[in-house]
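Notes for the one structure printed next.
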Amino acid sequence: MDILGLYHYWVFAVLLMTGFYAIVAKPNLIKKLIGLSLFQSAVFLCYITFGKLAGGTAPIVGKGAELFSSPLPQVLILTAIVVSISTTALGLALVLRIKEAYGSIEEDEIQEQDAP
Amino acid sequence: MLAPHLPMLQVVVPLLMAPFVVLLRPRGLAWAAATMASLMAFAIAIVLALSVVGDATLTYRVGGWMAPYGIELRVDAFGALLLLVITGASSMALLGGQRSLERALPPTREPYYFSAWLLALTGFVGIAVSADAFNIFVFMEVSSLASYVLIAGGPDRRALSAVFKYLIMGTVGATFYLVGIGLVYMMTGTLNLADMAGRIEAVADTRPMIVAAGFITVGLALKAAIFPLHIWLPNAYAYAPHVTTAFLAACATKVALYVLLRFDFLILQQHLSGHAFQFAGYLMPLAVLGILVGSGVAMFERDLKRLLAFSSVAQIGYMLLGASLVSVSGLHAAILHMFNHALAKGGLFLAVAAFAAVTSGWRLEQIGGIARTMPWTFAAFVVCGLSLIGVPGTAGFLSKWYLVTAALEHGALGIALVCVILLSSLMAVAYVWRMVESACFAPDFDAETDADSTPNRDFAAFSHLLPTILWIVALANLYFGLANALPLELAKSAARTLLGGLP
Amino acid sequence: MSTITLLFSIFLLTLLMITTMAIVRTRNLFVAVMLMGIASLLIAASFFLLDAADVALTEAAVGAGISTVLFLGALALTSERERSPSSLPLLSLGIVAIVALIVIYATFDQPPLGSPSAPVQAHLTPWYIESTRELIDIPNVVTAVLASFRGYDTLGEVIVVFTAGVGVLFLLGTGASASAAGAPLSEDNAGLRHYLIPRILGRLLIPFILLLGFYVQFHGEYSPGGGFQAGAIVAASIILYSLLEGEQRALLVIPQGVLLAMMVGGVLLYGAVGVAGLVLGGNFLDYSVLDSDPVKGQQWGILLIEIGIGITVAGVLISIFHAFASRGAA
Amino acid sequence: MNIAIDIASWVLLTLGGVNLLIGGIGVLRMPDFYTRMHAASLTDSMGAILVILGIMLQAGLSLATVKLGAILAFLLLTSPTAANALAVSALLAGMKPRTGDAVQRTNHEADA
Amino acid sequence: MSAEAAVLASLALPLLGAFLIALAGRISANIREAATMLTATGLALIVWSLVPLVMAGERPQVSVAEVLPGIELAFAVEPLGMLFAALASMLWIVNSLYSIGYMRGNDEANQTRFYVLFAVSLGTTIGVAFAANLFTLFLFYEALTLSTYPLVAHKGDQRSVASARVYLVVLLSTSIVLFLPAIIWTYMAAGSGEFTLGGVLAGKLEGAGVGLLLLLFVFGIGKAAVMPVHLWLPAAMVAPTPVSALLHAVAVVKAGVFAITKVVIYIFGVQHLLDAFVADLLVAAAAFTIIAASIVALRQENLKRLLAYSTVAQLSYVVMAIALLTPLAGIGAAAHIVAHAFGKITLFFAAGAIYTAARKTELHELRGIGRRMPVTMSAFTIGALSMIGIPPTGGFISKWYILAGAYQADNMLALLTIIASTLLNAAYLLPIIYMAWFAHDETFEARAHGEAPWPAVLALTLTAALTLGFFVFHSAVLALARQLLPGF
């Protein structure tokens, strides 16, 4: 059971949870969005690690190399990256509107203003 | 000529209309185009539903590639029923909501709103039709982003903070789902649902599979607002524009529940030993808690829309309860309740949209005397309320009937479940009647005295389209209460396919 | 995977972990955004080491480039410092630790990194590589899978970008409406106009960046690249131009109407290619019917939809930037 | 013959590495903004040149060398400009460079 | 017109009438009243046209829609249903006449809504009468609750809304929590809820289950007002008198008792219950209700609440008679449904007339009212006598048969209860009659008042005549009741 082989997945786990912690614990809305994008980029790392083949090269045929890493996870992650950036862009637009409406982007201050 | 391409056209029609709608600047044109697209999608859904009756399933290979390699669409009974719910809710909400939307949105931003509406419709329909795990994730993101935009459209500033919370929890849920299918992909090597089901047996070590099942269930529970993870739902539905809530309340959470059931029953339960017991063990207490807490809070809620939102949490608990019985009759009840609840809740929120045109707000004391000023709308509101409670003769009653019969098959546990169901339908009677009573007998509420409400008693703004739509929904509630061959048949064959494994 | 590159990637990933911890801990949001740029670069590097060239390019262009610009744009309009401390840190730390342990617990049964026996390598990959050479005959398998085999995913994903664009324009209003379109070009305050050196150099560099963008766009079949990366690079160059020359002039170069047309046009182009496949007798998004020779048809299809993606992504990212920038000016 | 090239490239690479290291330490040690800027720009210019030349020697006459040349040209153009823009905006933002007399004056003010 | 068409017509007519009344209401009050009377008489004619057919032994059957596989919306006319429907439709005519007088007399608000809902309630009552299976019965049973709720909350003031809420909560909760599970249990155990002679559950449900299911049914059907679930009836007295008269004396309460009777005869089957010895539970519950309700009636000050508690007691007579499971008691139960209907509706009409004419509701105000309102008070007296069961009135017939039935089943508890309750009836009714006729009239000259408006008085006399008439011409009712016998 070579530790080195699984190291990538442990980094994935740590990254996932750092992002998740930022989302859960940090009241600042922008810090939450940063945590969210970290959370998603951890998943990208996990997918790409699936696709890696020992001794393989990037799946571009024709350069003489025979062993290729799997292209499928890479395609999925191309899509996921753009999904992540779209969500971040929308989140930031919301943060701007919240800043204009409430004058603050700290979650607890917003809740105070909302409490009836 | 188009028949074989119908599953694809179901998604392509709203998808290609959405960008087109953004360009339609003149007022009202965007709404017309969106409604036309939604009605076309509804027509396709009906044709699909009719062609699927009798355990047939339609498959479609996108791009012409074979199943596990390319992406495949699959419409079975369960999918067809959900398609009917989604497109129906969207068409009714759009048809009825023009006037109320015109008041809620600034004219320059109307095309964007309707484009987002069509994108949400595309997302939901895309999920219902797709048979590829990652494809479901992509369309789940499309529908989520679009519904954030729809909810944030309203004049109320509290909608913004509610949508932000929904965005965070929704994205976390979707990413959990992504991690789940990632682990399953790693162990089975495929993304196609049918292929995945076939290959799970061969997987020797079950640890990643159990963790994957955990991630998928938690992720989809977040999206489906199942009990402990439903915190985003009440605010998001309460402060959104009324028409958005009418649309999303009827189908947003059901789509996530649909994916959860398909994943769990078709793939995980068939091949992971003991998973059926795990699924029932974890989700049944959550369902029961969801029912009791949802109805309980709804009984004491002052804000009309938050009250209905909490009742949605309870109704989702019903569906989950039916599903967690892990029997054909249980599933049958859950799926049927998806259909009936969409009818009832969609009608109620449309009625709230009609009331809001005249009343100054939607707290209970603000809708006093509405029964006299708008008798027809109020009557439809009562009919939909009765269907929510499950009074016989309405659609809600049938799903309650099947749920109780399904529960009774489980002996002592069944009796307890029946008591929960009956207790919560009593609570439903309580909160529906609180609304009806304050609407009928509370003294006429004059807006001047209430500080923060905005008096907008402009009768002129009140179009006659909304009451007619409302009555169509109310009559549908009654019709499907007495003669509901189509949804019944679809739900039954859906339950059989889910438990019988992939055909 | 030779041990040296494995060690190097482990070094990179450890660095990454430290950077993310730093991001979460700092109270100054500006520092956090900068660190995010670094983290995204580290991830792009480790992607490259894991043989994912396309993804590395995208992560660099989109992750490091565009998202940093967006975050800075948002920070400019809100506060740079995080005021209140984290709420109930210990409880959330506990939950997070538990979930992390669960994930690590799951990793023990997983096939180790790069093992050839893993199902991922055995099941679909050989077919994709084989049929790309035979049916589509382009070197970059990733572009083939992205555009043709799983073209429907990519269509969905272009729709996600389009939704984000519609959403941001809906929430923040279009750039043009906010700043008075007709106002005379005020020379003094726009951009870094009185910074001589950056403007000169910018004027020199922007054409080359655009050239690189188009290269990546049209060379996607042969080397890593494609619609998304190209769109991001083109958007980066336009954003650089508007930073240097001021937002009004950038709007003059690409007015709001054109941006909207780009957003809508790209998606409709993609949809049109799909529908063309439908009309010509194949299934939706089946490119082999586009031309007499199916292989040529596939190549045509891929080329066209890559252009569609490029246009949409560029249009969306630039209009999002304008929406953020105009919010500041208004 | 290629041993000589290898040795040359190794020398260049190690020199470049050392340069980068010095730059890094410089950023940490320097007291205020402008001095740190100076240390950072050191790595950008000298360090980059040495490292890339070393790699070009390794790659020999091939397309990669041309690409490396383009990267080198790009780096040489952009990093000084970035440093300049950073410095000018810092000055505009009102950050005072810590000149010699400034040190006494701040002490003086502190006493006053 | 074939029998099946007549059954459907009798269901559709009231709803159509309601629509007509709503339209007529917009034009003018007189047309609306005319429309009500027209619908009432039309319904009575259709329903009565079925009587000879049923007397001849025909059982018209019609199925409307197949709601669930194996469960359909179906109607069948059998003797008890015929009896109940005929009674309700006939008394609706009289009640409409009375309401015209009462409504005009008290110039109540939004009368159109009142008449429309009245017609709808009657339609659902006919639906309950003709239901062919448990599902249809439950459907119309719930519809009856919902359509009578607005009638109870007619005045719209705080008090009526509060008591209407009690009315609704008790009825809806008992039906959802007890009646619905009982139905589902029956469908599960017997496979079908069709009303078949000899009982559906015979042989399919044994042991304690039968007793539990019977109790579920009895307490589930809140409308029969067996003791713990009777609270809604006094609360409903806040409604205008025509509502209390027809609905809470004839239609709604009888629907409850009628449902229990059908369940006992057609679901359990008399023979099956006899073997299971659970009927005694029912007798005990009914007996307790009779005694307790009569005692509470003694202490009542308000006239209408007194009549309400007397109704609770009288209803349990029918329940007890059925629970005795003997042929004579069965006939007695059917006769009592009719006798009590005539008697109680007369009493309520009288109470309403007194309220309209003199605005008096409390007993102590009724001193010497006989001299001022001779016709009303004489009708009141006839009604009271019928309640007690003194010969010239219909009440005597039904009590006689119930006593005979009790003797036939030699059930001592039943015998004692009937005798004791007769005494109690006399105790709380005779003082009112004595006070009305012989006590000194203390009302001041200024507030002298005569009789109530003529339509009310006319309706009063009609029902009083019917009470007396039933004593003489009870053969038709008994013939119908005898057709139930094969069930015993």
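No value in this document is a laboratory result; all are computed from the given coordinates. This one's a predicted model, so the numbers in the text were calculated from it and none came from an experiment. Heads up, the Cβs are rebuilt from the backbone with ideal geometry, glycines too, and the neighbour counts pull from every protein chain shown.
Computed from the C-beta positions of D:Met1 and D:Leu75 and an R0 of 25 Å, the FRET efficiency is 0.30 to the nearest 0.05.
Give me E:Glu206, E:Glu365, C:Glu157 ranked fewest to most by other Cβ atoms within 10 Å of their Cβ, as a rough exposure proxy. Let's see the in-between values first.
Values: E:Glu206 12, E:Glu365 16, C:Glu157 27.
By the 10 Å Cβ count, ascending, the order reads E:Glu206, E:Glu365, C:Glu157.
How about the range A:23-116: which GluC sites (Glu not before Pro) there lie in a loop by DSSP and see at most 15 other Cβ atoms within 10 Å? Of the GluC sites (Glu not before Pro), the ones in loops of the range A:23-116 whose Cβ has at most 15 other Cβ atoms within 10 Å are A:Glu66. The mean of 1/r over all pairs of different alpha-carbon atoms in the range C:124-330, once inverted, gives a Kirkwood hydrodynamic radius of 18.3 Å. For the listed residue pairs B:Lys223/B:Lys492; B:Lys400/E:Lys223; B:Lys345/B:Lys492; A:Lys52/B:Lys165; B:Lys345/E:Lys344; B:Lys400/E:Lys304, the alpha carbons are over 32 angstrom apart in A:Lys52/B:Lys165; B:Lys345/E:Lys344; B:Lys400/E:Lys304.
A straight chain from B:Lys165 to B:Val53 at 0.36 nm per residue would run longer than the Cα-Cα distance by 36.3 nm.
According to the square roots a ≥ b ≥ c of the eigenvalues of the Cα gyration tensor, what is the shape class of the protein assembly as shown, taking rounded for a/c under 1.5, prolate for a/b larger than b/c otherwise, and oblate for the remainder? Prolate is the answer for the protein assembly as shown, as a/c is 1.5 or above and a/b outweighs b/c.
Overall, chain E carries a charge dipole of about 840 debye about its Cα centre when +1 sits on the Cβ of Lys and Arg and -1 on the Cβ of Asp and Glu, all other atoms neutral. Counting only alpha carbon atoms, the long axis of helix E:29-55 and the longest principal axis of chain E meet at about 40°. In the range E:287-350, Cα pairs under 8 Å separated by at least six residues give a relative contact order of 30 percent.
Computed extension length for E:Ala476-E:Ala439: 9.3 nm, one decimal, from 0.36 nm per residue of separation with the Cα-Cα distance subtracted. Taken one residue at a time, the phi angles of the range B:364-369 give Karplus couplings (6.51, -1.76, 1.60, θ = phi - 60°) of 4, 6, 7, 9, x, x Hz. Gly and Pro are set to x.
Restricting to DSSP H runs of at least four residues, report the calculated mean residue ellipticity at 222 nm for the protein assembly as shown, -39500 (n - 2.57) per run over all residues, nearest 500 deg cm²/dmol. Write out the running numbers ahead of the final one.
On the way: 63 runs with 1118 residues, N = 1549.
My calculation for the protein assembly as shown gives -24500 deg cm²/dmol from helical runs alone.
Judged by the ratio a/c of the largest to the smallest principal axis of the C-alpha gyration tensor, the range A:3-114 counts as oblate, that ratio being 1.5 or greater while a/b is no larger than b/c.
Under the convention that each Lys and Arg Cβ holds +1 and each Asp and Glu Cβ holds -1, the size of the dipole of the protein assembly as shown around its Cα centre is about 2280 debye.
Coupling constants for the range C:268-273 follow from the phi torsions by the Karplus curve (6.51 cos²θ - 1.76 cosθ + 1.60, θ = phi - 60°), and in residue order they are 5, 4, 4, x, 4, 4 Hz; glycine and proline get x.
Toward the positive end of the charge dipole of the protein assembly as shown, with +1 on the Cβ of Lys and Arg and -1 on the Cβ of Asp and Glu, the farthest Cα among C:Val166, A:Ile77, E:Tyr317 is that of E:Tyr317. If only the Cβ of Lys and Arg carry +1 and only the Cβ of Asp and Glu carry -1, the dipole of the range A:3-114 around its Cα centre is close to 540 debye.
Computed from the C-beta positions of E:Ile419 and E:His364 and an R0 of 30 Å, the FRET efficiency is 0.50 to the nearest 0.05. From the square roots a ≥ b ≥ c of the eigenvalues of the alpha-carbon gyration tensor of the range E:1-105, which class results: rounded (a/c under 1.5), prolate (a/b over b/c), or oblate? Because a/c hits 1.5 or more and a/b exceeds b/c, the range E:1-105 counts as prolate.
Panel order for B:Tyr69, E:Tyr98, by other beta carbons found within 10 Å of each beta carbon, from fewest to most: B:Tyr69, E:Tyr98.
Counted by Cβ distance under 11 Å from C:Val142, the other residues give a net charge of -2, where Lys and Arg count +1 and Asp and Glu count -1. Distance between the pseudo-spin-label points of C:Thr14 and E:Leu16 (7 Å out from Cα toward the beta carbon): 9.1 nm. Each of C:Ser131, E:Ser175, E:Ser316 was scored by other Cβ atoms within 10 Å of its Cβ. Listed from fewest to most, they are C:Ser131, E:Ser175, E:Ser316.
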